[in-house]
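Report on the following structure.
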Amino acid sequence: MTERLSRRALNRATLERQLLLRRAKMSALEAIEHLGGLQAQAPFPPYYALWARLQGFKQEELARLLLDREVVRIALMRGTVHLVTAADALAWRPLLQCIYDRDLERNTQHAANLRGLDHDQLAKTARDLLTERPHSTPELGAALATHWPDRAPASLNHAARGLLPLVQIPPRGIWGKSGQTTYATAEDWLGRPLDTQATPAQLILRYLAAFGPATVQDVQAWAGITRLGEIAATLDLRKYLDEDGRELLDLPHATVPDPDTPAPPRLLGPFDQTILSYADRTRIISDPYRKRMITQNGIVKGALLANGEVRGWWETKKSTIILTPFEKLTKRDLAALESAADRLIRWATPTAETHTVQVTPDS
């Protein structure tokens, strides 16, 4: 008989796979690989993600990985920018090309302006330009517009981003640095060709290592591609059922923690993938709270975790960190979150003269 897993058991499994039950003793590079990359729509959320998960993590470690080209920021799963290892960038971008092909046909802002364009020629022209030197977003759009003067530069730039594996190069993404988005092709930046031997099956296994047990729908929600059920059915996977009778898949030798395992309070950074990588996110956040955490324009706030679930959000203003619980927390959990917030703001703004933690009930 197939074992059933409660929502609480899935919560603890997610926290363990996401290195949130206890801070891990591993390098930033090892963590990024284990986690299947980190959400990186904005430059600095990956730093907060690693701070929440690793013992003694310092910003310089991730900055050095970016400068040494061991990790890159590149549009991948769901069409969003992720921070991944160089090997994963080269392997996963071809697997996910269908997302970008579909977007070029359906994007509400750019598709009409790109209709009838020779995609192969645009890709070749953009690649030639980027081989000469990296281009910022406006530079690339303007350069392409000299070849297609009847098309909007922003749309041409969007097409290049969809047709080619473009990485956002430093100083973009370096802690404490500012810089506009500047592109190079992954092959040029990393000095290696794309890995065309990678398979969707490998993508499924990597997802389950970081997020399992999970449904096929969860894997597809994370990746942004469909028809993975057919591939998952060919794999040797362990199977469970959730409380609603849906089939959950997992790696054959992976374990699930005891549901009563304590989950310490945590502060997750903005855009944390734990909140975004499931079709059914109720293992970590309730539907009502999810609507309060994610704004209409897609901004995902930093999250307060208490007893393993999202209970509020946080933000920083200079050297002040503001905690906003959605509900009344126990004195013990609130004290732990305030202590974590104090450590976080000191880590984020070490040269500030003062550091302040404020708690403001959600209105």
- Message: Based on alpha-carbon atoms only, what is the radius of gyration of the range 261-363 relative to the globular estimate 2.2 N^0.38 Å?
- Response: 1.05
- Item | Amide H contacts of Val359 (H built 1.01 Å from N, under 5 Å, at least 5 apart or other chain) | Leu323
- Task: List the residues whose amide H sits under 5 Å from the amide H of Ala184, counting only those 5 or more places along or on another chain, with H placed 1.01 Å from N in the peptide plane.
- Result: Val167, Ile169
- To the nearest 0.05, how large is the calculated FRET efficiency for Ala254 and Glu132 if R₀ is 41 Å and r is the Cβ-Cβ distance? 0.30
- How much of the accessible area of the range 1-159, in percent, comes from carbon and sulfur atoms when a 1.4 Å probe is used? 50 percent
- Using a 10 Å cut-off on Cβ atoms, rank the peptides 167-177, 104-114 from the highest mean neighbour count down. 167-177, 104-114
- Residue by residue through the range 136-143, the couplings from Karplus 6.51 cos²θ - 1.76 cosθ + 1.60 with θ = phi - 60°, in Hz, x for Gly and Pro, are 6, 4, x, 5, 5, x, 5, 5
- Query: How big, in percent, is the set of alpha carbon pairs in the range 273-328 lying more than 12 Å apart?
  - Reply: 66 percent
- Item | Å² of accessible area per residue within the range 58-211, as computed with a 1.4 Å probe and no ligands counted | 45 Å²
- Item | Whole-number percent relative contact order across the chain, with pairs defined as alpha carbons under 8 Å at least 6 apart | 19 percent
- Note on the structure: With every protein chain kept in place and a 1.4 Å probe, the residues Thr316, Thr255 fall, from largest accessible area down, as Thr255, Thr316
- Message: Could you tell me the extents of the range 122-231's C-alpha atoms along the three principal axes, largest first, rounded to whole Å?
- Response: 49, 36, 25
- ³J(HN,Hα) across the range 278-291 via Karplus (A = 6.51, B = -1.76, C = 1.60, θ = phi - 60°), whole Hz, x for Gly/Pro? 9, 5, 10, 8, 5, 5, 10, 8, 6, 4, x, 5, 4, 5
- Query: Of the listed peptides 147-153, 276-282, 95-101, what is their order by residue-averaged count of other C-beta atoms within 10 Å, with the highest listed first?
  - Reply: 276-282, 95-101, 147-153
- Query: How far is the Cα center of the range 297-363 from the Cα center of the range 21-42, in Å?
  - Reply: 21 Å
- The ³J(HN,Hα) series, computed from each phi in the range 207-216 with the Karplus coefficients 6.51, -1.76 and 1.60 at θ = phi - 60°, rounded to the nearest Hz and given as x for glycine or proline, is 4, 5, 4, 9, 9, x, x, 7, 7, 4
- Task: Quickly rank 77-85, 181-189, 348-356 as a protection proxy: mean count of other C-beta atoms within 10 Å, highest first.
- Result: 77-85, 181-189, 348-356
- Who wins for biggest fluctuation among Pro262, Pro45, Pro200 in a Gaussian network model of the chain, springs between alpha carbons below 10 Å? Pro262
- Note on the structure: Relative to the chain, whose Cα atoms define the longest principal axis, helix 7-17 and its Cα axis are tilted in degrees, nearest 10, by 60 degrees
- Task: Eight or more residues apart or on different chains, and alpha-carbon atoms under 21 Å: count the Lys pairs in the chain matching that.
- Result: 11
- Could you give the alpha-carbon Rg of the chain over 2.2 N^0.38 Å, rounded to two decimals? 1.03
- For helix 86-95, what angle does its Cα long axis make with the longest principal axis of the chain, in degrees from 0 to 90 and rounded to 10? 70 degrees
- Note on the structure: Using alpha carbon centers only, the range 104-173 is separated from the range 206-255 by a whole-angstrom value of 35 Å
- Ignoring ligands, DNA and RNA, what percent of the 1.4 Å accessible area of the range 248-359 is carbon and sulfur? 51 percent
- Query: Sequence-distant or interchain residues sharing an amide H contact under 5 Å with Leu248, placed H: which?
  - Reply: Tyr240, Leu241, Asp242
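The values are calculated or read from the model by the stated rules, or taken from the named source; none is laboratory data. Note that this is a predicted model, so its numbers are computed, not measured. When we count neighbours, we look across all protein chains shown, and the Cβ atoms used for this are built from the backbone with ideal geometry, even at glycine. When the accessible area is computed, the model is the full protein with side chains, heavy atoms only, and any ligands, DNA or RNA have been set aside. Shrake-Rupley method; radii C 1.70, N 1.55, O 1.52, S 1.80 Å.
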